[in-house]
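No lab work stands behind these numbers, since they all come straight from the coordinates. What you see is a predicted model, and the numbers here were worked out from it, not measured in a lab. We place every Cβ from the backbone using ideal geometry, glycine too, and count neighbours over all the protein chains shown.
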Amino acid sequence: MPSEHLKSLLSRLSRHLDKSQLLTSDEALAPYECDGLSAYRQRPLLVALPDTIEQIQATLRTCYDMDIPVVTRGAGTGLSGGALPCKDGVVLSLAKFNKILDIDTQNRTARVQPGVRNLAITEAATPYGLYYAPDPSSQIACSIGGNVAENAGGIHCLKYGLTVHNILSIELLTIDGEPLSVGTQALDHPGFDLLALLTGSEGMLGVIIEITVKLLPKPEIARVLMASFDGVERAGDAVAAIIGSGIIPGGLEMMDNPAIRAAEDFVHAGYPVDASAILLCELDGTASEVEGQIKTVRHVLAENGATEVRIAGDEQERMAFWAGRKAAFPAVGRLAPDYYCMDGTIPRKHLGRVLKHIDKLSREYGLPVANVFHAGDGNLHPLILYDANQQGQLRLAEKLGAQILELCVAVGGTITGEHGVGMEKIDQMCVQFQATELAQFHAVKDAFDPKRLLNPGKAVPELHRCAELGAMHVHHGQLPHPEIERF
């Protein structure tokens, strides 16, 4: 964009925002050049840091009038490149909107601004015996606005649902700055379910400025079992068996040996470092209910090849078990200069075989893979280890990641569970969906953002991109890898 255009933009925005709220120097822009997917980087033209709703509206209206792209940014912890800037666009940071506006204990709701940290909601609700259920591994830092944009999940999403199941309403601004209220405090509402449409829309349809979330009463008791296995496939099969027994755990997580060793070395959670895989199974509810479920789950685990089953002896040990799981991503980061975190979802019944095939692909590509994931709902998080300093390794990691995502689709799953599509998985959208479906996605985008200025180029690929890739036939049964046909 010509410097004169930037001067014009700054001149117009300066009528509404102070100079300190408009960042343009290379040094000031550097922290905004990527999100948690640091392999993709692009510095924006400008970063706006509004601290009032009116300033957000003014920024959007100015960009709308000048046809300038806008990428909304929360905490920047996303892992799919969803907050990657446009080089000729504005990054709209909502970091200053970090207030909890109200906690309604009678209706068990909290009204919050988008920049509030996920964990801060539970911290504020705890004195009332309440908490906010979705708990991504990054909950200490990630913002609730970003959680809504990506439909984040977490360890407890198996029993308590994703973000979309735990919010009641949102307030947002359209690209031209007009306010829009979606959802209601009631359990149901008339008309189309726009709340579900906007949750997971990755900043492409509007800018969220307020969210009303559901709060849940803290369970009377929570107990965690840790089961060890001498084979990853056995652990995967045990997951399906637990759900098949009629029990829905509060959390059901799995880690393979590389992830176990990394987490234990990092956190000292008491994990068995010689196990091929471990399952962490949390059961919550009343004391009598949990005791009965523990007996059932122990029996199921033994029948499915668990070599050892341990129950956390107290709350401190329970939290230590979970600390290891939640620290798995940074812990694995100590094993290699770089890692590429994937996010795909498959039917639980295919866990064992899919993990076996991921191991085969890992050996074919010569890149180690550590597996950490929400086993209960089949949400895989393979962490592909590589060294970006070695020429071609990033591209090799991306190709391996694409193969894993196409494997997920081939067995009846999806290319994302909670991280979103962003830039990372946009080519695999051509695998997941047919041309007619993608056309409908574009029609929805046009209804909210006819100029396509909000987070352009993300999440939904153009049809010509899919045609160039020649990938759309995969959706129709022509599987992307010969070995996958065995499924």
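Multiplying the residue separation of A467 and D65 by 0.36 nm and removing their Cα-Cα distance gives an extension gain of 141.4 nm.
If you plug the beta carbon distance of A388 and S288 into 1/(1 + (r/R0)^6) with R0 = 45 Å, you get a FRET efficiency near 0.25. Dipole size of the range 57-176 about its Cα centre, with +1 on Lys/Arg Cβ and -1 on Asp/Glu Cβ: approximately 260 debye, rounded to the nearest 20. Here the relative contact order of the chain, from alpha carbon pairs under 8 Å that lie six or more residues apart, stands at 14 percent.
Taking the longest Cα principal axis of the chain as reference, the axis of helix 351-365 is set at about 70 degrees. By the Cα gyration tensor, the range 250-340 has an equivalent ellipsoid whose semi-axes, rounded to whole angstrom, run 26, 15, 10 from largest to smallest.
In the range 336-486, a dipole from Cβ-located charges (positive for Lys and Arg, negative for Asp and Glu) runs towards its positive end, and of C341, H374, G422 it is H374 whose Cα lies farthest in that direction. Just tell me which aspartates and glutamates come within less than 20 Å, Cα to Cα, of K7; anything on the same chain fewer than 8 places away is out. K7 reaches D18, D26, E27, D65, D67, D88.
Checking Cβ-Cβ separations below 4.7 Å across the chain identifies C34, C63, C86, C142, C157, C281, C341, C408 as cysteines lacking any candidate disulfide partner.
Between 0 and 90 degrees, the angle of helix 393-410 with respect to the longest Cα principal axis of the chain falls at about 70 degrees. Here the sum of -39500 (n - 2.57) over DSSP H runs of 4 or more residues, divided by the residues of the chain, equals -10000 deg cm²/dmol at 222 nm, to the nearest 500.
Selection among L383, Q434, T59 by position relative to the dipole of the chain gives T59 as farthest towards the positive end (Cβ unit charges, Cα centre). Using +1 at the Cβ of each Lys and Arg and -1 at the Cβ of each Asp and Glu in the chain, identify which of G457, A133, L407 lies farthest towards the dipole's positive end. It is G457, whose Cα lies furthest towards the positive end. Each of K349, K425 was scored by other Cβ atoms within 10 Å of its Cβ. Listed from fewest to most, they are K349, K425. Nearest 10 degrees, 0 to 90: what angle lies between the long axis of helix 3-13 and the longest principal axis of the chain (Cα atoms)? Tilt of helix 3-13: around 90 degrees. Annotation: the residues T184, T212, sorted from fewest to most other C-beta atoms within 10 Å of their own C-beta, follow the order T184, T212. Protection proxy ranking, highest mean first, for peptides 196-209, 30-43, 139-152, 432-445: 139-152, 196-209, 30-43, 432-445, where packing is the per-residue count of other beta-carbon atoms within 10 Å, averaged.
Residues of the range 43-66 falling in the label zone of E178, defined by backbone nitrogen less than 16 Å from a point 7 Å along Cα to beta-carbon, are 57-58, 60-62, 64-65.
Computed about its Cα centre, the charge dipole of the chain is approximately 220 debye, with only Lys, Arg, Asp and Glu carrying charge at their Cβ.
Given a cut-off of 21 Å, name the pairs among K425/K445; K96/K214; K356/K399 whose C-alpha atoms lie farther apart than that in the structure shown.
Result: K96/K214 exceed 21 Å.
Nearest 0.05, what FRET efficiency do L6 and H189 give at R0 = 35 Å with Cβ-Cβ as r? With a Förster radius of 35 Å, E is 0.20. In the range 60-112, Cα pairs under 8 Å separated by at least six residues give a relative contact order of 29 percent.
Tell me the relative contact order for the range 221-331 as a rounded percent, counting alpha carbon contacts under 8 Å between residues six or more apart.
45 percent
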